[in-house]
């Protein structure tokens, strides 16, 4: 009896340790903590970071509007913001709420004077939005043809060179066969009419993408599935060379990793491999090609990625901005760029998106601290 009791105590203790590790990782991104001081954030030599706007609750995707105006979506806050720098001093003077009570309005895009907002199953349009920010226009429904699943239902949106609005649709699960024709895809939408057209399949949950400044090809981040351990699968940076490619979900993950439940005998080499493997569970979200002139030459044409941070890893990772160098259409390196939001297992912020400004500075949204930061370069070349 004593041996059995001792064994039970050992097993119970191990289980408690495992549960404790899980909850430590889970709570890192959600428990309240003090916002980061700018001296906590590490950057390469010559760069500096400052708070651009400090009152943007749950700030997610950003979109540049007319000079001095940045539009910002949110998730749980249900709001869309206009962040205004009226005097051009590189610091916001005002944050206005343009809309509230929306369903996960994470994605925003600006074109021809109108603001487009992705709110779960609907794409909304706010016409002539900058004319009078004190009296924002009522939204028009562009389409409500997207699935209404809340799980992975928040979206990142952007216009392509073809004038169409690109809209991803996440899988409504951790891992499962897509239950509908639009799940686990990236679509594009002709605003003149018609239903969403699928351009990429096998995409679990992309919450960030951009178009190559020279080729126009779509590059996107994708979040790997959970519950395969701390070290697998990796998040991904992908490149869509031609419409219709399949990137593996739910059958395969990363670079040839078969799903233990849903592979169904599929050969992983039959799917498009990632352009670059990112950290496991870093939650790679918003990403943009850097085409500005402020930063040194080595950054031009490369990709900055906002890594929101792991939510269920026993040792948290992510909570940073990374940089991927692109040479000849290939992702040749992957390195930290801005770090310091994660210290000792506690997170003071969670980067959600990056946006290049007209002067070449980089904005970073932080949905935990409700801030937007501005990263500039002042050092030598």
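What follows is calculated from the coordinates using simple rules that are stated; it is not laboratory data. Note that the structure is predicted; figures quoted are calculated from it, not measured. With ideal geometry, Cβ positions are generated from the backbone for all residues, glycine too; neighbour counts draw on all protein chains shown.
Quick notes
- For region 59-144, convex hull of alpha carbons as volume per residue, Å³: 81
- Per-residue ellipticity at 222 nm computed for the chain from its helices equals -2500 deg cm²/dmol, with DSSP H segments shorter than 4 residues left out and the rest contributing -39,500 (n - 2.57).
- Computing Rg and the Kirkwood Rh from the Cα coordinates of region 287-378 gives a ratio, Rg/Rh, of 0.99.
- Each peptide in 260-269, 77-86 gets a packing score, the mean of other Cβ atoms within 10 Å over its residues, and the list from highest to lowest is 77-86, 260-269.
- If the segment from residue 100 to residue 86 were pulled out straight at 0.36 nm per residue, it would be longer than the present Cα-Cα gap by 2.7 nm.
- If R0 is taken as 25 Å, the Cβ-Cβ distance between residue 162 and residue 255 corresponds to a FRET efficiency of 0.25.
- Remark: 307, 245 ranked as 245, 307, counting other beta-carbon atoms within 10 Å and listing the fewest first.
- Ordered from longest to shortest, the equivalent ellipsoid semi-axes for the chain are 33, 26, 22 Å, each the square root of 5 times a Cα gyration tensor eigenvalue.
- Full extension of the chain between residue 112 and residue 232 yields a length gain of 38.9 nm, computed as 0.36 nm times the residue separation minus the alpha carbon distance.
- Placing dummy labels 7 Å off each Cα toward the beta-carbon, the span from residue 335 to residue 133 is 3.7 nm.
- Each label point was placed 7 Å from the Cα along the Cα-to-Cβ direction; for residue 267 and residue 151 their separation is 3.2 nm.
- Virtual spin-label span in nm between residue 140 and residue 195, 7 Å along Cα→Cβ: 2.3
- Helix 2-28 vs. the chain, principal-axis angle (Cα, 0 to 90°, nearest 10): 10
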